Amino acid sequence: MKEYVARRKGELQAEIALFDRKPGLAVVQVGHDAASDSYIRGKRKDAEGLGLAFKHLWFPEDIGEKELEEAVLKEASDPSIDGIIVQLPLPKGLDEKAIGRLIPLSKDVDGFIFDSPFEPCTPKGIVDYLASVGFPFEGKNAVVIGRSDIVGKPLARLLTRKNMNVTLLHSRTSEEDKKFYLGHADLVAVAIGREGYLDGRFPLKKDAYLIDVGINRGVDGKLRGDILPGREVAYQSPVPGGVGLLTRLALMENVCLAYKEKRK
Ligand code: NAP
């Protein structure tokens, strides 16, 4: 996976070097959240490393909704900005959906707005990676555990588009049913936020591909996924250094797509 990300980044960098200006990514942040601070640092590193222009707009927690709206609208009308991200979560009292809707669809590089022309980054990153290794989607069985709007549901949609037979499971699915569906799965993606949840209780096919989306900080401070490491399968994505890298890559690809769409 690391080699794939490095290769794609090299290709993107070469492509961006030929553009007539640097594609611009603006990240709007309110307040400080340890995870958000770290994600934004990662986005800046990726963007600047690839030759994109990165703009970080930070506002204090007590910013009024009107002022924040104006800041987003300013980026929306700036021709040098191709993609805008409102870093979530926003502090309580600010309406995330209302602020997010101010981003024009053509700059919604997170792909969170209904009808966005961009795929949400985590599902896009996963599907593009699987395609790159020749995973045989057509007619195979996929189980996605977790039905969030940013990962589980859009991933199920993209896998369906790849002609997989997709089962979307969640917290109301019984353990017995989970075992039943997992036992038939050629591809399993887990995005629930519960460290090591998919353990030996759940039998898997030996040739299954496991995609671990979860990021959980253990009591020892280390990051771990939703799947217990070392399952006997064809492939298991690592945490850290797995889906997180694919998500970051997909964001950079979306910014480049946004730039290219404008040039058409
Ligand atoms: P989320 O909004 O936190 O929702 C969790 C989902 O998991 C819900 O659909 C919930 O079901 C389901 N769930 C919870 N416990 C379950 C259980 N025991 N069995 C089956 N389903 C269960 O999800 P998210 O935002 O997609 O995040 C999930 C994880 O992925 C988190 O660890 C997050 O940090 C990580 N993440 C990683 C990346 C990355 O780039 N690597 C990107 C995004 C998220 P209900 O709907 O029934 O409540």
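The table that follows gives values for the structure above.
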| item | result |
| --- | --- |
| The stretch 149-264 - share of DSSP beta bridges that are antiparallel (%, nearest 5) | 20 |
| Crossing angle, helix 2-17 versus the chain [Cα axis fit, 0-90 degrees, rounded to tens] | 30 |
| Exposure rule at most 12 other beta-carbon atoms within 10 Å, DSSP loop GluC sites (Glu not before Pro): the chain longest free segment | 139-231 |
| The chain: calculated mean residue ellipticity at 222 nm from DSSP helix runs of at least 4, using -39500 (n - 2.57) | -12000 deg cm²/dmol |
| Centre separation in Å (Cα based) which lies between the stretch 42-66 and the stretch 99-126 | 17 |
| Interchain or long-range residues, amide H under 5 Å from Ile145's placed H | Leu169, Ala189, Val190, Ala191 |
| 0 to 90° range, to nearest 10: angle between helix 152-161 axis and the chain longest Cα axis | 80 |
| For the stretch 4-21 and the stretch 206-264, distance of Cα centres in Å | 20 |
| Cβ-based net charge around Leu168, under 11 Å, with every Lys or Arg adding one and every Asp or Glu removing one | +3 |
| Relative contact order for the chain, counting Cα pairs under 8 Å that sit 6 or more residues apart, in percent | 18 |
| Once the Cα gyration tensor of the stretch 1-72 is diagonalised, semi-axes √(5λ) in Å | 29, 16, 7 |
| Rg and Dmax [Cα atoms of the stretch 116-250; Å; Rg one decimal, Dmax integer] | 13.7, 41 |
| Chymotrypsin sites (Phe, Trp or Tyr not before Pro) restricted to DSSP loop in the stretch 8-111 with at most 15 other C-beta within 10 Å | Phe19 |
| Dimensionless Rg/Rh of the stretch 97-180 - Kirkwood Rh, Rg from C-alpha atoms | 1.04 |
| Global size of the stretch 4-144 as Cα Rg and Dmax, reported in angstrom | 16.8, 51 |
| Helix 34-50 vs. the chain, principal-axis angle (Cα, 0 to 90°, nearest 10) | 70 |
| Positive dipole terminus of the stretch 26-95, leading residue within Gly51, Val28, Pro79 (C-beta point charges) | Gly51 |
| Cα-based equivalent ellipsoid of the chain: semi-axis lengths in Å, sorted from largest, via gyration tensor | 33, 21, 17 |
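Read the figures in this text as sums done on the coordinates, not as results from a lab. No experiment lies behind these values; they were computed from the predicted model shown. Methodologically, a virtual Cβ is constructed for each residue, glycine included, from the backbone with ideal geometry; neighbour enumeration extends over all protein chains shown.
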